[in-house]
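*Asks:* Have a look at this one before I ask anything.
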Amino acid sequence: MAEPTTPDAPTAEAPADDPQTRAEASETAADEYLTLLKQTRADFENYQKRNARERESERKYAFFPLALELCRRSTTWSGPSRRPSRPETTARWPRA
């Protein structure tokens, strides 16, 4: 047998038509969108900061590989140059 319906019993369509329920649903959706917006904004700010740090690091070490390669290929480079404190005037080995 079919269950009797009473006029006071809410149907599936009644809550959607209720202005109070619709307002609460809209407020809940707005809160969810606001939370999502704040998270997205924070993610974007973190991305910008990370990108700036990476660019600074790349700028700082950009010439290191080039300088290293030039040093490796150079035949005259023998390390840091050291200037003698005084010129040597005597021969190191005795002449025969």
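Here, each number is a calculation from the coordinates, and none is a lab measurement. As the structure is a prediction and not an experimental result, all values here were calculated from the model. A quick note on method: Cβ atoms are made from the backbone with ideal geometry, for glycine too, and the neighbour counts reach across all protein chains shown.
*Asks:* Using +1 on the beta carbon of Lys and Arg, -1 on that of Asp and Glu, and nothing else charged, what's the dipole of the stretch 33-72 about the Cα centre, debye to 20? It would help to have the intermediate numbers written out before the result.
*Replies:* On the way: 9 positive and 6 negative charges, 23 e Å.
Value, rounded to 20: 100 debye.
*Asks:* Okay, moving on. Given labels modelled 7 Å from the Cα in the Cβ direction, how far is it in nm from ARG22 to ARG41?
*Replies:* So the label points at ARG22 and ARG41 sit 2.9 nm apart.
*Asks:* Using only Cα atoms, what is the ratio of the radius of gyration of the stretch 33-72 to 2.2 N^0.38 Å?
*Replies:* 1.97
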